[in-house]
Amino acid sequence: MPRTLLLLAALVLPAGLLGLSPVPASADHVPHTELRLSIPAADSTVTGAVNELILEFTTSVQAELSRITVEGTDGSPVAAGPVRHPTDEASNRLRLGFDDPLRDGPHRVTWRTVAPDGHVVEGSFSFRVQGAPAPPIDTAEPPTPPAAPVAADPAGPDQLLGQGALPPGTLQRWLHLLATVLLIGVVAFRLGVIGPLSKKGDMPALTERSMPLLRLWGWLSLGLLAVTLVTRLDRQLLTLGGGERAWEFLGHLLFRTGWGGGWAIHAAVIVLGVTGLVLSRRPGSEGRGWGILTGAAVLLPLVPALQGHAMGSDLRQAAIPTLYLHVGASSVWLGGLLMLVLAGLPAMRKAGTGSGKLPAIARMVNAFSRFALIAVVTLVVTGSATSFLLVDGGVMGSLGSEWGRTMVIKLLLVGGAFLLGFYNWRRVRPSLSERPDPGALRIPASVEAFLGLVVLLATAVLVALPLP
């Protein structure tokens, strides 16, 4: 139990530091990035010369990661300079200056920018110009305008999940969440179950047989993290424009955005995790190795906290640490449950009864239940707080949106998993003292874990949907 509290304290400390860090809120206290106004305005008719386009958003945006294209009356792009902020202080405005004044006729604007939370926001509108100065007469053959770059289709692997039925990037996000749950679950099960039992000298066979399985799942989680490290960066670059132009904004994306900070932590977790797992197999270095692996697990919930909706909220100083705790607590619960099913129960087959009065399986499940209960309470509290920090009125205030309806589905799945967990805790767990049969727990615990994995999929969809 002390080791479990140590893990929970380690999760709380970064959250507290995030809450105290001087992360600036958006100047106008509007939590979602939207186009507030444009000059010329959408659907307007402008008389006279138009030499520039101004877009104003409800939050700060990244000029270096923004793209604005204006098409003239013939559908070809209008020659223009780079996208810039009008001034250093106007971080919520973008300016596009034209090489020559726009000609008479309709014009269509297509824009794309990046919100503070790393999400790509885009849109389009049209306006009309009349009474523009006549262009100078040029008898030379006009050059053929270059073709506008076509962004690569970012759907890719998501076709495996229903021919585009889910938002783009759902597969990568689900795999990343799964890797997070597995790695934190490995650490939580080792600290909360194996550690206390081995410290008491109980069930040495359980410790001996479960540790290789825990390392195996630790390596699998790091492999998934390595895959998603590459694929999520690739998708983000594709969404921003892709192709050869990706190198233009790669440095800015990685080193000057919250999304890039989360990506750097993602990479650091992989390095720490590999180091920890390697050392955990060396005699005399086991404790140091597991300590490093625990540090990697503590860092991991920072990634979705910095790359999700919390980063774009005007209440980010509260939303980021709250979401960090929510991800950490849910990973301790679900990850610990997965390790119980995938490592604890298989190792229990030859673990014997141990030296205590209770059967070995009952002691293992009791140890898991102690930290899982704390994690579930934390999960519920932080999940409720996060919904109110991100959306006015919480879930009830968002039922008319796709985000709100998806959240309801997620809550129903969570409720089903909790009910099954409550049944396992009140009925199955006490019965193991009288009838220590792993089969009595394997099926209900596996169903509970499966529901948890479906909850992860719903979470991956929620992250991709715009907030109401």
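FYI, it's all coordinate maths here, none of it is from the lab. Owing to the predicted nature of the structure, the values given are computational and were not obtained by experimental measurement. Please note: Cβ atoms are built from the backbone with ideal geometry, for glycine as well, and neighbour counts cover all protein chains shown.
Here are the numbers:
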{"quantity": "Net charge of Cβ neighbours under 11 Å - reference residue 116; Lys, Arg +1; Asp, Glu -1", "calculated": "-1"}
{"quantity": "Protection proxy ranking, peptides 409-416, 342-349, average beta carbon neighbours within 10 Å, highest first", "calculated": "342-349, 409-416"}
{"quantity": "Contact order relative to length of the stretch 35-132, as percent, for alpha carbon pairs under 8 angstrom and 6 or more apart", "calculated": "36"}
{"quantity": "Packing-based ranking, highest mean first, of 210-218, 95-103 given that Cβ atoms within 10 Å are counted", "calculated": "210-218, 95-103"}
{"quantity": "Of all DSSP beta bridges in the stretch 35-132, antiparallel share, percent nearest 5", "calculated": "90"}
{"quantity": "Over the stretch 35-132 - Rg/Rh using Cα atoms and the Kirkwood inverse-distance radius", "calculated": "0.96"}
{"quantity": "Calculated from backbone phi, Karplus (6.51, -1.76, 1.60) coupling profile of the stretch 459-467 in Hz, x at Gly/Pro", "calculated": "5, 4, 5, 4, 4, 7, 7, x, 6"}
{"quantity": "Cβ-based net charge around residue 73, under 15 Å, with every Lys or Arg adding one and every Asp or Glu removing one", "calculated": "-1"}
{"quantity": "Burial order of peptide ranges 251-258, 313-320, 79-86 (average beta-carbon count within 10 Å, highest first)", "calculated": "313-320, 251-258, 79-86"}
{"quantity": "Normalised contact order of the stretch 389-468, rounded percent, pairs of Cα under 8 Å and 6 or more residues apart", "calculated": "47"}
